[in-house]
Amino acid sequence: MKTILVIGAGLSSSSLIRYLLENALENNWNVRVVDQDIELVKRKINGNKNAVALSFDALNPEERRPEIEKADLVISMLPARFHMDIAKDCLEL
């Protein structure tokens, strides 16, 4: 099973999350979605058994790095100015 971590569950991530969840079973994906607003994440994954709702401060490296380390693929849906820190963690881990 491949683990996909989606960082950020705002409006721009809705189509991506829906696509990943619709294809998770067929592709053997475990989709982990994180946002500071756990209720937003829960609504987006809508009880999908191949998804996990997470809540932490994605801008805090001590909180995000353990989840990045578990993932096979990381998709940052944060504002562009935060992508570099996420990408650096991905490369290092």
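The values are calculated or read from the model by the stated rules, or taken from the named source; none is laboratory data. Please read all numbers here as calculations on a predicted model, not as lab measurements. So basically every Cβ, Gly included, is an ideal-geometry build from the backbone, and we count neighbours across all protein chains shown. Calculation scope for accessible area: heavy atoms of the full protein, side chains included, ligands and nucleic acids excluded. Shrake-Rupley method; radii C 1.70, N 1.55, O 1.52, S 1.80 Å.
Worth a mention:
- Note on Lys49: lysines with a C-alpha under 29 Å away, same-chain residues under 8 apart excluded, are Lys2, Lys70.
- Using a probe radius of 1.4 angstrom, the carbon and sulfur fraction of the accessible surface of the chain is 51%.
- Using the Cβ of Leu73 as centre and a radius below 14 Å, the other residues enclosed give a net charge of -1, where K and R count +1 and D and E count -1.
- Computed about its Cα centre, the charge dipole of the chain is approximately 300 debye, with only Lys, Arg, Asp and Glu carrying charge at their Cβ.
- Rolling a 1.4 Å probe over the protein heavy atoms gives the chain an accessible area of 60 Å² per residue.
- The orientation-averaged projected area of the convex hull spanned by the Cα atoms of the chain comes to 5.4 nm².
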